[in-house]
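Read through the structure below, which is laid out as structure tokens, and then see the notes.
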Amino acid sequence: MSTPDRPAAVPSVQPAESQARVRVVLLYGGRSTEHAVSCLSAASAVRAFDQDHYEVVEVGITRDGSWVLGPAAVPALTGPGRALPEVDPRGREVALRAAPGASGRVVVEAAGTAGVLPGGGSVTAAADVVFPLLHGPFGEDGTVQGLLALAGVPYVGSGVFASAASMDKIHMKRILTAVGLPVGPWREVPPELTGAGLRDLVAPLGLPLFVKPARGGSSVGITRVTDLAGLDAAVATARDCDSRVLVEAAVVGREIECGVLQFPDLGLRASLPAEVLLGEDLDFYDFEAKYLSDAVGLAVPAELTAAQTAAVQELSLAAFRALDCAGLARVDFFLTPDGLVVNEVNTMPGFTPASLFPRMWEASGVAYGELVDVLVRTALALGPARR
């Protein structure tokens, strides 16, 4: 299926009610190791909503799982030490529940005084849609999606199955392989396997290797292994993030990424691709390189031939459909001398100023504000069950 290089202009938003703004609950933070990235994403996204058409209720999830009402964290990456933000646990605790007799809406309830918010008392707000801008486990893996689906609330992004399958790199690779999409060589590490047995399992993959937690993100817990003597330690590092671990062969090629966006008419489009340009002193695109380093360049759009661009876009759409995604996704590739290899599918990619997903869509003719508008309107069109 071909897709145009530049999507048509996105129509202006129409409020869900003639006199009322669409109320969006923006969930951010979370219990995963990508908590800070989610805070950065939310801080950017909340400023992008058109205040004439949207009212945003910001609900942060602390690292220990408490839900609090409060503004999205402000990025603090420009000063000394480049501190990463997190949800302040002193906000008012909140509860989300389905609105009685109001199918498709969610009520946010908060009570008590707040150390970071003025005043006390109670707050109750009925929202039209939830934007779970959460990355990693307990947010991007189907858990929150299941909660919202159970409550019958529209939400941005993929449903339970697609979120869980895309989050788990082992299942993702199995599904993509089953439909004939190209993935690199890999092995699943059985829980009990260590030592010589582990080395025998991965020996056919060659060196270097990448050891990863199956259900992680932002390159947290990943180790590049150049000597099999370090394999057990690398697996232990990955297991600190997830009980399921895989080992991948190194794929030599250009790192290409592409965004997929679903529109309110439920049609799909792929963005112009981008390229991650690593500095010579970096082994791979790890957490520090993504968010704290100046040694990474980003080419938006990537310098590709028309045929290469079309191939990236078509494979992105195919991967999106194979995993039954909805709303949005970012598909990551390696462009090798032998062709494209799908690396990962992210169902809730980063929305920070440095994140490629919004930058690719801006290059494709969809500005950041239009992007969040499309995501919310598509969520309303899909409803809580059409995923």
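Tabulated results
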{"read-out": "Ile256 being touching a residue at least 24 places away in the same chain (Cβ under 8 Å), assigned by TED's automatic domain parsing to the domain that holds Leu328 and more than 20 Å from Leu278 (Cβ to Cβ)", "value": "no"}
{"read-out": "Considering residues of the range 178-219 that are modelled with pLDDT of 95 or more and among the acidic types (Asp, Glu) only, the residue nearest to the chain's Cα centre (by Cα)", "value": "Glu188"}
{"read-out": "Some residue of the range 194-211 being under 27 Å from Phe357 (Cβ atoms), of a type outside the set (Phe, Trp, Tyr) and not assigned by TED's automatic domain parsing to the domain that holds Phe357", "value": "yes"}
{"read-out": "Count - residues of the range 128-155 that are farther than 21 Å from Ala43 by Cα and in a loop (DSSP other than H, G, I, E, B)", "value": "5"}
{"read-out": "Hits in the range 1-38 - residues which are at pLDDT 90 or above and among the hydrophobic types (A, V, I, L, M, F, W, C)", "value": "Val22, Val24, Val25, Leu26, Leu27"}
{"read-out": "Tabulated pairs, the range 134-148, first more than 12 Å from Thr33 (Cβ to Cβ), second in a loop (DSSP other than H, G, I, E, B) and of a type in the set (Phe, Trp, Tyr), C-beta under 8 angstrom, 6+ apart or interchain", "value": "Val144/Phe138"}
{"read-out": "Meets criteria (hydroxyl-bearing (Ser, Thr, Tyr) and either within 14 Å of the chain's Cα centre (by Cα) or in a loop (DSSP other than H, G, I, E, B) (or both)) for Thr378", "value": "no"}
{"read-out": "Pick from the range 213-267, criterion of a type in the set (D, E, K, R) and closer than 24 Å to Gly30 by Cβ, ranking: surrounded by the most Cβ atoms within 10 Å (Cβ to Cβ)", "value": "Glu257"}
{"read-out": "Subset of the range 349-371 (residues that are assigned to a helix (DSSP H, G or I), surrounded by 22 or more Cβ atoms within 10 Å (Cβ to Cβ) and either aromatic (Phe, Trp, Tyr) or out of contact with any Phe, Trp or Tyr (no Cβ under 6 Å at 6 or more places or on another chain) (or both))", "value": "Leu356, Phe357, Met360, Trp361"}
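For (1) at pLDDT 95 or above; (2) in a loop (DSSP other than H, G, I, E, B); (3) small (Gly, Ala, Ser); (4) more than 20 Å from Asn346 (Cα to Cα), each residue gets a yes or a no:
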{"residue": "Gly221", "(1), (2), (3), (4)": "no, yes, yes, no"}
{"residue": "Ala229", "(1), (2), (3), (4)": "yes, no, yes, yes"}
{"residue": "Ala233", "(1), (2), (3), (4)": "yes, no, yes, yes"}
{"residue": "Asp242", "(1), (2), (3), (4)": "no, yes, no, no"}
{"residue": "Pro264", "(1), (2), (3), (4)": "yes, yes, no, yes"}
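The values are calculated or read from the model by the stated rules, or taken from the named source; none is laboratory data. In this text, all values refer to a predicted model and were calculated from it rather than measured experimentally. Here the Cβ is made from the backbone with ideal geometry for all residues, glycine too, and neighbour counts use every protein chain on show.
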